[in-house]
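First comes the structure, then the notes that go with it.
The values are calculated or read from the model by the stated rules, or taken from the named source; none is laboratory data. Everything quoted here is computed from the prediction, not taken from an experiment. Glycine gets a Cβ as well: all are built from the backbone with ideal geometry, and neighbour counts include every protein chain shown.
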């Protein structure tokens with residue numbers, strides 16, 4: 001904050017009452033308390049530059065407009081729709097998976113009225129909110145399941161119930177860190193379990209797990225390395241080996257799959273990603289995964305597996321603290337129904353993954369043709385999955401590479417796009433703004449075109 005000169009003449013500043021009488025301020029259709037607060041904030045800002053005469057004079061000339069802008073900024077919701085033109089399908093900073101039309105419809109129907117969230121309509125008595133996802137999950141996965149607010153909560157809850165005050169055996173090569181510095185060892189510690197690391201970063205054998213088991217061991221944990229790969233001189237027990245060891249020792253095997261893949265990704269030209277159903281079929285006792293990554297639904301954490309373990313987890317007091325609300329159940333239910341009906345093209349992230357390079361090139365060519373006067377070309381590129389899923393997997397795409405107008409940098413164009421009325425998040429490379437239509441929803445293309453024209457003219 002700049003230093004205010006001790007000799008600054010604050011008399012040049014009007015009083016709050018004087019500003020309120022300004023026609024531009026007096027006609028603002030907002031509650032008086034909000035307008036007064038905005039006036040005081042603007043005057044406080046001016047006091048910091050009162051010694052800079054030109055700056056103060058310029059701002060005093062548009063004081064009424066500045067107050068109006070401040071009030072509108074205060075009352076504008078900070079969470080806004082964004083056009084993702086980065087080519088990162090599951091962009092964590094942009095909310096990960098966009099929801100399907102059926103999921104959005106389910107939200108509207110559920111949010112705008114009372115619902116049977118915890119009411120059994122057949123029995124006419126109190127029910128359980130679990131039922132709104134449980135039946136669909138069990139039919140899809142062949143195992144019972146419960147839902148909490150994210151996957152970190154899911155693994156925490158599983159270990160809090162199954163391993164509190166005991167040891168959890170896990171490979172050193174699986175002690176991963178997820179977004180914002182959250183680390184598997186920290187989650188383990190908070191659950192009340194003690195970590196027993198085995199093997200090395202790159203090589204862990206089934207004998208390492210077996211040797212670590214003692215009378216304090218409660219869980220054998222396997223963590224899917226969903227956001228990185230270890231290549232080269234590596235070794236890891238198969239899931240079948242770990243399950244067999246669990247059977248021999250009477251210990252539950254818990255697997256954190258993270259990304260929550262329910263379909264075979266090879267159909268989209270990607271490498272195979274572990275599917276939840278495969279882990280359950282292999283005999284894993286509890287699998288945890290996300291609802292908003294490769295599943296393509298809302299932020300949620302899902303625990304599925306053997307009936308006795310899931311029943312124990314549901315009875316844990318922390319389950320209530322981590323439960324989800326009616327809107328999450330509405331979205332998750334609609335998304336799972338699309339899977340049940342095999343309507344995969346209705347799920348936006350799967351539709352994005354299924355687009356071919358030729359299809360994206362055709363979309364990009366049509367968009368470029370509509371941008372009269374904007375210089376650009378089509379260029380080959382790579383889209384990524386993102387969201388801590390499928391590390392090192394990329395999809396070929398066609399980029400719309402736009403050159404900035406004369407005298408304007410590509411970075412300036414990018415900034416104007418993301419700070420505009422309809423924010424567009426794109427990339428800059430080689431002094432060009434790159435737009436990847438793979439992650440632009442079809443009904444956003446006209447808005448994208450308008451924003452590009454606005455910034456470039």
- Message: Looking at residue 128 and the list (1) free of Cβ contacts under 8 Å to residues at least 60 places away in the same chain; (2) farther than 30 Å from residue 213 by Cβ; (3) within 25 Å of the chain's Cα centre (by Cα), which single condition is not satisfied?
- Response: (3)
- Message: Restricting to segment 421-450, name every residue that is in a loop (DSSP other than H, G, I, E, B) and more than 18 Å from residue 376 (Cβ to Cβ).
- Response: 421, 422, 423, 441
- Task: Determine, yes or no, whether residue 164 is assigned to a helix (DSSP H, G or I), in the same structural domain as residue 223 (by TED's automatic domain parsing) and in contact (Cβ under 8 Å) with a residue 12 or more places away in the chain.
- Result: no
- Do you know which of the residues in segment 172-201 that are over 29 Å from the mean Cα position of the chain (by Cα) and part of a loop (DSSP other than H, G, I, E, B) is modelled with the highest pLDDT? 199
- Item | All positions within segment 202-216 that are surrounded by 15 or more Cβ atoms within 10 Å (Cβ to Cβ) and in a helix (DSSP H, G or I) | 206, 208, 209, 210, 212
- Quick check: is even one residue across segment 357-370 surrounded by 20 or more Cβ atoms within 10 Å (Cβ to Cβ), within 30 Å of residue 298 (Cα to Cα), at pLDDT 95 or above and touching a helix residue (DSSP H, G or I) at 6+ places or on another chain (Cβ under 9 Å)? yes
- Among the candidates 143, 113, single out the residue that is in the same structural domain as residue 320 (by TED's automatic domain parsing), in a loop (DSSP other than H, G, I, E, B) and in contact with a helix residue (DSSP H, G or I) (Cβ under 6 Å, 6 or more places away or on another chain). 143
- Odd one out for residue 135 among (1) more than 22 Å from the chain's Cα centre (by Cα); (2) crowded, with 16+ Cβ neighbours inside 10 Å; (3) not in a loop (DSSP other than H, G, I, E, B): (2)
- Candidates 308, 278, 273, 342, filtered to the one that is without any contact (Cβ under 8 Å) to a residue 12 or more places away in the chain and assigned to a loop (DSSP other than H, G, I, E, B): 342
